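The numbers here are math on the coordinates, done by the rules we state, and not lab data. Not measured: the values here are computed from a predicted model. Note that we place each Cβ from the backbone using ideal geometry, even for glycine, and neighbour counts take in every protein chain shown.
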Amino acid sequence: MLQHMKATGADQAVGLGLVGFSLFLFTYYTVWVIVLPFVDSDHVIHSYFLPREYSVILPGVAALILLLCVGTFIGVVTWKNRTPKKVD
Amino acid sequence: MTKLLEWLLGVSLVGVAWGLVTFDLLDLQLPAAYKEVAWPMPVYLLVVFGCYSLATIGYRVATFNDCEEAAKELQAQIQEAKDDLKKKGLKM
């Protein structure tokens, strides 16, 4: 008989942490991109957000870093497994 | 019309609409706020999609039931695979 227990400890913490983080990111980014242009430029809320250009630059940089990490990992593993050409 | 063509048509229509608003090609004289909202839209949609994916994964990790026996079996299989690959020369 298969045992099925509820998800425990670390799994729940990591899962809920991911959900919380993505909710926070979504809310902050949505306010930044969609809400702020309709708010008067002298309202105090603008001080919590970087200039608008960064709302495009930061995700772009993050995507580049992600690609770099993936590429580096593939490169390192490929490098470690190269075999020298056999000479007859 | 194939699904691919439908998707491409839909994406190009949305893309043209976005380009018209962002680069003001039709001289529509929209209020500045609307243009401010429009130009980051492609990046915004990507970020929202990323957030949705992350939240879905997180939620399913948090609610997936533990399977003790399957976990032990999987650990054993992972060890078996590692040993086998090491024997064949793969260095991790």
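Report, as an integer, the average count of C-beta atoms from other chains found within 10 Å of each Cβ along B:28-38.
Taking the mean over all residues of the peptide, I get 2.
Among the trypsin sites (Lys or Arg not before Pro) in the stretch A:41-85, which ones are in a DSSP loop with at most 10 other Cβ atoms within 10 Å of the Cβ? Mind listing them?
A:ARG82, A:LYS85
Calculate how steeply helix B:3-23 sits against the longest principal axis of the alpha-carbon atoms of chain B, using the helix alpha-carbon long axis, and give the answer as 0 to 90 degrees to the nearest 10.
Approximately 50 degrees, to the nearest ten.
Filter the trypsin sites (Lys or Arg not before Pro) in the stretch B:13-92 down to the DSSP loop ones having no more than 15 other Cβ atoms within 10 Å, then list what survives. Walk me through the numbers before you get to the answer.
Details: sites: B:LYS35, B:ARG60, B:LYS72, B:LYS82, B:LYS86, B:LYS87, B:LYS88, B:LYS91; in loops: B:LYS91.
Taking the stretch B:13-92 and a limit of 15 other Cβ atoms within 10 Å, the loop trypsin sites (Lys or Arg not before Pro) found are B:LYS91.
Would you mind giving the mean number of other chain beta-carbons within 10 Å of the Cβ of each residue in B:17-23, as a whole number?
Average neighbour count from other chains, rounded to a whole number: 0.
In whole Å, what three semi-axes, largest first, describe the equivalent ellipsoid of the protein assembly as shown built from its Cα gyration tensor (square root of 5 times each eigenvalue)?
Taking √(5λ) for each Cα gyration eigenvalue gives 44, 26, 19 Å.
With a ≥ b ≥ c taken as the square roots of the eigenvalues of the C-alpha gyration tensor of chain A, please select rounded if a/c is under 1.5 and otherwise prolate if a/b is larger than b/c or oblate if it is not?
Verdict is oblate for chain A.
Helix A:9-30 versus the longest principal axis of chain A: what angle, 0 to 90°, nearest 10, using Cα atoms?
Tilt of helix A:9-30: around 50 degrees.
Taking a ≥ b ≥ c as the square roots of the Cα gyration tensor eigenvalues, with a/c under 1.5 meaning rounded and otherwise prolate when a/b beats b/c, else oblate, which class fits the stretch B:28-92?
Taking the square roots of the gyration eigenvalues as a ≥ b ≥ c, the stretch B:28-92 is oblate.
Calculate the mean, over all residues of peptide B:41-48, of how many other protein chain Cβ atoms lie within 10 angstrom of the residue's Cβ.
Numbers: counts 3, 1, 9, 8, 0, 3, 11, 6.
Per residue, the number of nearby Cβ atoms from other chains is 5 on average.
DSSP loop (so not H, G, I, E, B), at most 16 other Cβ within 10 Å: list which chymotrypsin sites (Phe, Trp or Tyr not before Pro) in the stretch B:41-92 pass both filters.
B:PHE64
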